[in-house]
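Notes follow once the structure below has been shown.
The values are calculated or read from the model by the stated rules, or taken from the named source; none is laboratory data. Being a predicted model, the structure only gives us computed values, none of them experimental. Cβ coordinates were reconstructed from backbone atoms using ideal geometry, including for glycine residues, and neighbour counts include every protein chain displayed. Areas reflect the complete protein model, heavy atoms only, side chains present, ligands, DNA and RNA absent. Shrake-Rupley method; radii C 1.70, N 1.55, O 1.52, S 1.80 Å.
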Amino acid sequence: MGEFLMITDREKIIAIIDNDILFPSDAIILLEGDGLNRYQKAVELYNQNIATKIVFSGNITDYEYGSFPFSDVLPYILQEGIPVDAVIHEDRSLNTREQAIEVVKMAIINEWKRLVLVASHEHQYRAYLTFLREVLDKKSDIVLYNAPVRNLRWFNKSDWGIRFERLEQEFVRIERYSQLGHLATYREAINYQKWKELQ
C-alpha cells in the first residue's frame with residue numbers, strides 16, 4: 001500500500017469554491033474580463049431570482065487581455081431581457097483588488113449582506129480570495145457566494161490565451177499577491193466557509 005497523502009488546504013478550498021452553495025442575495029457581481037464569456041451566468045442567476053441587481057465591476061478597455069468595457073457588454077445583458085435599472089456599473093476599479101475594494105464599499109453603503117461573485121472558473125479562486133480579504137479587513141459580515149461560469153473550454157485558444165495555461169498563471173498570482181497581503185489565506189477561507197454555512 002502506498003503512503004496516504006492528506007489533501008492540502010488549497011485543494012480543499014478549490015473544491016469548496018467550485019461547489020459553493022447559493023442563496024438569494026442582494027447583488028450579482030459580474031467581474032469584467034474574459035470577453036463575453038461571463039455575462040450569461042449573471043443573467044442566468046438573475047432569472048433564477050438569486051438577486052435583483054447585477055453589478056458590472058471594472059472599467060478597463062483591453063481587448064487583447066479580454067477586458068471588454070461595460071458599454072460593450074451591457075447591450076448583451078439587456079438583449080437577454082434584463083431591465084436597464086437592474087444593472088449597475090462599478091466604474092472605478094482597474095484590477096481585481098480594486099474591484100474588491102470598490103464592491104465591498106458599495107455593499108456597505110447600500111447595506112447589502114449577500115453577494116454572488118461571477119468570474120470564469122480559472123479566475124474564481126483568486127477573485128474570491130481577494131474579495132474575502134477585503135470583507136475580513138473591513139470586519140464586515142458580508143456573505144460571499146461563488147458562481148463561476150461553467151461550460152468554458154479549457155484548451156481553446158482565445159485572443160487572450162488558453163484557459164488551461166491561465167489557470168496555472170492564476171495560482172502564481174495567488175502566491176505573489178498573498179505575499180503582499182492582498183488575499184485571504186486558504187485557512188481563512190475554510191473558516192469563513194464554516195461561518196457562512198451557519199448564516
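Report the gain in length on full extension from Ile109 to Glu175: 0.36 nm times residue separation, minus Cα-Cα distance, nm rounded to one decimal.
Values: separation 66, 0.36 × 66 = 23.76 nm, distance 3.11 nm.
Taking Ile109 through Glu175 to full extension adds about 20.7 nm, to one decimal.
Carbon and sulfur together cover what percent of the accessible area of the chain at a 1.4 Å probe radius?
Details: 5520 of 10770 Å².
Carbon-and-sulfur percentage of accessible area, whole number: 51.
For the chain, modelled as a GNM with alpha-carbon contacts under 10 angstrom, which of Phe56, Phe155, Phe23 fluctuates the most?
Phe155
Can you list the residues, at least 5 places off or on another chain, whose amide H is less than 5 Å from the amide H of Ser120, using H built in the peptide plane?
HN-HN under 5 Å from Ser120: Val149.
Kirkwood hydrodynamic radius (Cα pairs, Å) of the chain? Before the final figure, lay out each step's value.
Details: mean 1/r = 0.0582 Å⁻¹.
Its Kirkwood hydrodynamic radius stands at 17.2 Å.
With every atom except the alpha carbons ignored, what do you get for Rg and Dmax of the stretch 115-164, in angstroms?
Final numbers for Rg and Dmax: 13.5, 41 Å.
About the Cα centre of the chain, what is the dipole size in debye to 20, counting +1 per Lys and Arg Cβ and -1 per Asp and Glu Cβ, all else neutral? If you can, show how the numbers build up before the last one.
Values: 24 positive and 30 negative charges, 80 e Å.
Using only the charged Cβ atoms, the result is roughly 380 debye.
Putting +1 on Lys and Arg Cβ atoms and -1 on Asp and Glu Cβ atoms, find which of Ala127, Ile108, Tyr192 reaches farthest to the positive end of the dipole of the chain.
Among Ala127, Ile108, Tyr192, the one farthest towards the positive end of the dipole of the chain is Tyr192.
What is the set of long-range amide H partners of Val55 at a cut-off below 5 Å, with H atoms built 1.01 Å from backbone N?
For Val55, the qualifying residues are Ile28, Ile29, Leu30, Ile88.
Leaving out ligands and nucleic acids, and using a 1.4 Å probe, what accessible area per residue does the stretch 103-158 come to in Å²?
Numbers: 2470 Å² over 56 residues.
Result: 44 Å² of accessible area for each residue.
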